[in-house]
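A quick write-up on the structure given underneath.
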Amino acid sequence: MQRLFGQKCLLDTNVLLYALDKSSRYFAQASGLLTGCVEGQVSGFVAHQNLLELLHVLTVYYHVPASEALRDVRALADHPRLSIIYPTSQTLSLFFQLAQTHVASRIEIFDLYLAATMKQSGLAKIVTANTKDFRHITDLEIIDLATLTL
């Protein structure tokens, strides 16, 4: 079991999604982590990209009405205990550097860009249910949502 109490980490889009989806097999872990962030036990971060991806998945794949999805995503974005990170003027350059070294691994472009945004923001930990998406990225600690405890 991975413990996160008192640590800084980025919540991947799937973590946010599973925290909203009560039928998900990861609902308990994801909602528990989100609660831990809200209560200040974990320093939770999300990238602006995560919020946009969440909105897309909710409306396109979960068929949540846009007004409801916007409300849920906005609530996350506005929460004072969830910090949003943004790309900097150097993020794209870092992305291209990472892409050159990860071409052979066929890593997802958006995951690689998220990693670049994290690195530019000084974050080294990501909680995700899709650990394989990030395993080739060096200097990134990947925390499996399935094994998580606060």
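The values are calculated or read from the model by the stated rules, or taken from the named source; none is laboratory data. Predicted, not measured: the structure shown is a model, and the values here were computed from it. Cβ sites come from the backbone with ideal geometry, for glycine too, and all protein chains shown count toward neighbours.
Could you check region 1-32 and list, in sequence order, the residues that are farther than 18 Å from residue 85 by Cβ, in a helix (DSSP H, G or I) and in contact (Cβ under 8 Å) with a residue 40 or more places away in the chain?
Those that are farther than 18 Å from residue 85 by Cβ, in a helix (DSSP H, G or I) and in contact (Cβ under 8 Å) with a residue 40 or more places away in the chain: 17, 18, 20, 29, 30, 32.
Under the condition of being polar (S, T, N, Q) and in contact with a Ser or Thr (Cβ under 6 Å, 6 or more places away or on another chain), which residue from region 98-131 is surrounded by the fewest Cβ atoms within 10 Å (Cβ to Cβ)?
120
With a cut-off of at least 1 residues that are out of contact with any Gly (no Cβ under 7 Å at 6 or more places or on another chain), β-branched (Val, Ile, Thr) and under 22 Å from residue 24 (Cα atoms), name the helices (runs of 4 or more DSSP H) lying wholly within region 40-147.
By residue number, 48-60, 66-78.
Only residues that are of a type in the set (D, E, K, R) and touching a residue at least 40 places away in the same chain (Cβ under 8 Å): list them for region 59-92, please.
72, 81
Specify which of the listed residues (95, 134) is farther than 16 Å from residue 9 by Cβ and either in contact (Cβ under 8 Å) with a residue 40 or more places away in the chain or buried (at least 17 other Cβ atoms within 10 Å of the Cβ) (or both).
Result: 95 is the single residue among 95, 134 that is farther than 16 Å from residue 9 by Cβ and either in contact (Cβ under 8 Å) with a residue 40 or more places away in the chain or buried (at least 17 other Cβ atoms within 10 Å of the Cβ) (or both).
Kindly indicate the residue of region 63-115 that is closer than 16 Å to residue 133 by Cβ and charged (D, E, K, R) and also modelled with the lowest pLDDT among those meeting that condition.
Restricting to residues being closer than 16 Å to residue 133 by Cβ and charged (D, E, K, R), the top hit is 106.
Looking at residue 58, is it crowded, with 17+ Cβ neighbours inside 10 Å and at pLDDT 95 or above?
Taking the combined requirement at face value, the residue satisfies it.
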